[in-house]
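Novice: Here's a structure for you.
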Amino acid sequence: MLQYEVVQQRHHLLGVGITTALFYSRFQKALIGKMTTLSGIRTSITIPVHEEVFNFFGKNEPIKKDFQNQLTMAHANVFFGMSTSPRKIVLEMAVNKESLAALRIGPTWECNAKREAQAFLTKYTVAELAIKVDMWKRVKNDCLSLVSVEADLSFKETSSKIVIVALKDVVRKLSDKSRTLLENATKDLAVDRNINDESMVSDYVEMIRLKSVQEMEFVESCMNVSEIPEVKNMAITILASRAQNCPYLRVTGKKLTYSNAGEAKVLKKHEDNVNARCKEWHCKVYQSPGQISPGLKSGRTRRFVHRISRGITLTIVEGDLHDYTVDALICPMSKSLSFDNPTAQQLLNVGGCQIEEVCRKLKKGEESSVVFLSKPGNLHTKSLIYTILPRRNQYQASHHLKSAIYHSLHKAEDGNGTSVAVPVLGIGTFGFSIEESCIAIREAILQFSSDHQNYPKNLKTVFVVNPDFKTVKEIDTLIAQLQSAERTQSARMPENQVCSRKMTSVAYHKTG
């Protein structure tokens, strides 16, 4: 511009008038004549854009930067007109309007800028899914977990729609996942409605044996359990009694029977959701009078149930693993494939020599897998799963412990098992603490569940079985604390932040 101003002015030297001109070395000649102007050529244009795409770009700095970089090639600056309605993107010529560069690109600038802008904008799209407010409340957390730097998902209450904005391929994937979440939520709602249908009500009585008469007298005179608010709210009566010098508590509650074929079919189809609802109501469900639910063959057991994911519950039970009736039992083993820990020894004693056959065969060859199947022998299970556990002093021991449990769950799933029972894996001779075992078991379940989008086809219940009630209660407390800590952490995260759980990388490869 300074050179142009020099040319425009008149100059005198020693009384002689001097005319100046711009000299271009490239052409080896001077530029003479009048300066051409940009009159009639647009140097600012607006680009219409979908409001949701506009908002997504406006709060996403990396994408805004990519957009500007692409428009730089067309000599355009990008401005987001936040005050305009409808929202528009403004492009302005990025060179000096008085410069020769402006004269050179002026005639084609508008066309080139529009082309580059549209090329970038058409990569993004918007999808809308109709959904009612009450249904959104059910899927809100799961849907918001899909939000990332590359994609946005929100709920528009005024129009009752889920809005997804991202690259076209990403929108397609998130739409499919959102539809799956809606379908599952619809099933949950159907269960709730069927559970609330009319049913036959009758009394249910359970006798809880006490250790001594003194214990019964203490409960009767000091505890007054029937007046505890939680007990009163559940319409339960608890009376201390004695029959043939055997003290016990007589617990009377209500039993609801769903006898219609349609009701039974719905309850069976959504068994895991029904179990979750029953847990909230502090009761149990039995699908049919003849069904034997997973557990001990006989006797009273104390158990604590935790819903680890939408599709899987973790139940901590007082009892002996070798007496448990489930689809799959998991037996911990050392690398030597010897029954050199208490759990393996007990299972061998009950299961018989049949369960030892696979170990003898594998000792003769080279077994690289940490998980393998065995005949169940005399055990009350469809399949017995051996899993090789690490020692606590090994490198990355906690990671390998979780990996072994994780692969065991997949092995049970592959065998069409709906329930699996495990000991407190890793404690005792392997050197892990109860807390480390709880963390590994819970994280393995979470990752396994995540592999199946939180709804495994077969496996629904994982039982942790231990004969010592003190240990059972400790495990229950630890799992409750881990669950509570995660809920607290999730509640503190902004809705538009990714609510994903980062796992240590463990890949599952199905083997024959």
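Novice: Consider Ala74 against the criteria (1) at pLDDT 85 or above; (2) open to solvent by 40 Å² or more (accessible area, probe 1.4 Å): it satisfies all of them except one. Which criterion is unmet?
Specialist: (2)
Novice: Filter segment 338-377 down to residues that are in contact (Cβ under 8 Å) with a residue 40 or more places away in the chain, in a loop (DSSP other than H, G, I, E, B) and surrounded by 14 or more Cβ atoms within 10 Å (Cβ to Cβ), then give me how many there are.
Specialist: The total comes to 2.
Novice: Further question: Does segment 430-438 include one or more residues that are under 22 Å from Gly311 (Cα atoms) and more than 17 Å from the chain's Cα centre (by Cα)?
Specialist: Checking segment 430-438: at least one residue is under 22 Å from Gly311 (Cα atoms) and more than 17 Å from the chain's Cα centre (by Cα).
Novice: Next question, about the same structure. Of everything in segment 442-487 that's surrounded by fewer than 19 Cβ atoms within 10 Å (Cβ to Cβ), of a type in the set (Ser, Thr, Tyr) and closer than 23 Å to Leu181 by Cβ, which residue is modelled with the highest pLDDT?
Specialist: It comes out as Ser450.
Novice: Do we have Leu384 as closer than 14 Å to Leu321 by Cβ, touching a Lys or Arg at 6+ places or on another chain (Cβ under 9 Å) and not in a helix (DSSP H, G or I) here?
Specialist: On the way: closer than 14 Å to Leu321 by Cβ: yes; touching a Lys or Arg at 6+ places or on another chain (Cβ under 9 Å): yes; not in a helix (DSSP H, G or I): yes.
Against the criterion (closer than 14 Å to Leu321 by Cβ, touching a Lys or Arg at 6+ places or on another chain (Cβ under 9 Å) and not in a helix (DSSP H, G or I)), Leu384 qualifies.
Novice: Is it true that some residue in segment 129-144 is open to solvent by 70 Å² or more (accessible area, probe 1.4 Å) and under 16 Å from the mean Cα position of the chain (by Cα)?
Specialist: Taking every residue of segment 129-144 in turn, at least one turns out to be open to solvent by 70 Å² or more (accessible area, probe 1.4 Å) and under 16 Å from the mean Cα position of the chain (by Cα).
The values are calculated or read from the model by the stated rules, or taken from the named source; none is laboratory data. Remember, predicted model here, so these are calculated numbers, not experimental data. All Cβ positions, glycine included, derive from the backbone under ideal geometry; neighbour counts span all protein chains shown. Areas reflect the complete protein model, heavy atoms only, side chains present, ligands, DNA and RNA absent. Shrake-Rupley method; radii C 1.70, N 1.55, O 1.52, S 1.80 Å.
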